[in-house]
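Chemist: Have a look at the structure that comes next, please.
The values are calculated or read from the model by the stated rules, or taken from the named source; none is laboratory data. The structure displayed is predicted, hence computed values, not measured ones. All Cβ positions, glycine included, derive from the backbone under ideal geometry; neighbour counts span all protein chains shown. To get the accessible areas, we keep the full protein, side chains included, count just its heavy atoms, and leave off ligands, DNA and RNA. Shrake-Rupley method; radii C 1.70, N 1.55, O 1.52, S 1.80 Å.
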Amino acid sequence: MLFNDRDDAGRRLAEALRSYGARHPVVLGLPRGGVPVAFHVAQELDAPLDVVVVRKLGVPGHRELAFGALGEGGVRVINEDVVRRGGLRPQDMAEVERTETASLVDQAHRFRAGRPRLPVAGRTAILVDDGVATGATAAAACEVVRAQGATHIVMATPVAPPDAAARLSASADELVCLSTPPAFSSVGQWYRDFSQTPDSVVIALLAARSPGPTPDPPAGDRHPP
């Protein structure tokens with residue numbers, strides 16, 4: 001399945017998720033590229049939209065290997081098995097956490113333009129990304145949102161390789177994935193246009209679906225109808 005762009009993927013994913021509107025969910029986009037896709041889901045379900053900001057905690061010297069993840073509200077998820085096998089020292093872990101905490105706070109503030117995080121406690125949370133490669137970030141996001149009190153987590157994405165989809169099925173309560181092609185090398189290969197999503201577009205889309213007055217999007221930004 002090939003998508004024209006993130007708007008096309010979002011509309012198709014929204015159609016697949018239409019029945020979830022009865023649950024009155026909160027829709028959470030993974031930045032940056034997941035937010036344009038999530039916008040269409042939130043619009044179809046008449047749901048509020050927020051961003052789920054997650055920072056993976058990478059093992060020093062092997063950053064691609066995560067020993068945990070950080071989320072807003074002081075959520076901290078640690079993989080004790082990785083810590084033990086890697087022989088990680090508390091001071092090394094603390095240094096990584098300080099760096100990633102600063103990045104998390106800055107990113108969340110920038111994307112929300114100062115608005116508070118939408119609460120997910122006691123709610124169904126639909127996490128949306130524009131595609132999944134390894135599934136590590138999406139899995140961390142599921143853990144973080146569960147720690148924040150979401151009672152049911154749906155991970156939704158247009159495309160993912162079969163092995164990553166299987167892993168995410170264990171992290172989320174439900175997985176909605178439109179396509180799981182076996183010949184998978186990158187998310188971008190399944191989009192005709194996979195250009196980077198600017199911060200300004202993320203900010204405008206979040207503001208458009210947030211509770212309260214809807215501000216005008218920045219002039220010249222791509223904005224779904």
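Chemist: Look at the stretch 1-41 and say how many of its residues are of a type in the set (A, V, I, L, M) and under 21 Å from PRO161 (Cα atoms). Even if it seems obvious, please write down each step before you answer.
Modeler: Applying the first criterion (of a type in the set (A, V, I, L, M)) to the stretch 1-41 yields 1-2, 9, 13-14, 16-17, 22, 26-28, 30, 35, 37-38, 41.
Okay, now just the ones that are also under 21 Å from PRO161 (Cα atoms), so 1-2, 9, 13-14, 16-17, 30, 35, 37-38.
Within the stretch 1-41, residues that are of a type in the set (A, V, I, L, M) and under 21 Å from PRO161 (Cα atoms) number 11.
Chemist: I'd like to verify a number: residues in the stretch 162-205 that are acidic (Asp, Glu), part of a loop (DSSP other than H, G, I, E, B) and in contact with a strand residue (DSSP E or B) (Cβ under 6 Å, 6 or more places away or on another chain), how many?
Modeler: Keep residues of the stretch 162-205 that are acidic (Asp, Glu), which gives 163, 173-174, 193, 199.
Right, trim to part of a loop (DSSP other than H, G, I, E, B) and you get 173, 193.
Next, from what is left, pick out any that are in contact with a strand residue (DSSP E or B) (Cβ under 6 Å, 6 or more places away or on another chain): 173.
Number satisfying all stated conditions: 1.
Chemist: Among the residues of the stretch 1-40, what is the count of those that are of a type in the set (Val, Ile, Thr) and not in a helix (DSSP H, G or I)?
Modeler: Kept after step one, since they are of a type in the set (Val, Ile, Thr), are these residues of the stretch 1-40: 26-27, 35, 37.
Imposing the further condition that a residue be not in a helix (DSSP H, G or I) reduces the set to 26-27.
So the count comes out to 2.
Chemist: Where the second residue is buried (at least 22 other Cβ atoms within 10 Å of the Cβ) and acidic (Asp, Glu) and the first is closer than 27 Å to GLN107 by Cα and in contact (Cβ under 8 Å) with a residue 60 or more places away in the chain and lies in the stretch 17-29, which pairs have Cβ atoms under 7 Å and are six or more apart or on separate chains?
Modeler: From residues that are closer than 27 Å to GLN107 by Cα and in contact (Cβ under 8 Å) with a residue 60 or more places away in the chain, the pairs are VAL26/ASP50; LEU28/ASP50.
Chemist: Could you grab the pairs with beta carbons closer than 6 Å, sequence gap of 6+ or different chains, first residue in the stretch 89-114 and closer than 21 Å to VAL201 by Cβ, second one at pLDDT below 95 and open to solvent by 60 Å² or more (accessible area, probe 1.4 Å)?
Modeler: SER103/ARG55; LEU104/ARG55
Chemist: Among PRO48, PRO31, which is the only one that is in contact with a helix residue (DSSP H, G or I) (Cβ under 9 Å, 6 or more places away or on another chain), within 11 Å of LEU205 (Cβ to Cβ), surrounded by fewer than 24 Cβ atoms within 10 Å (Cβ to Cβ) and of a type outside the set (Lys, Arg)? Walk me through how you get there before you give the answer.
Modeler: Values: PRO48 fails: within 11 Å of LEU205 (Cβ to Cβ).
Being in contact with a helix residue (DSSP H, G or I) (Cβ under 9 Å, 6 or more places away or on another chain), within 11 Å of LEU205 (Cβ to Cβ), surrounded by fewer than 24 Cβ atoms within 10 Å (Cβ to Cβ) and of a type outside the set (Lys, Arg) holds for just one of PRO48, PRO31, which is PRO31.
Chemist: Let me ask another. How many residues does the stretch 126-150 hold that are over 13 Å from the mean Cα position of the chain (by Cα) and farther than 22 Å from PHE39 by Cα?
Modeler: Of the residues in that region, 3 qualify.
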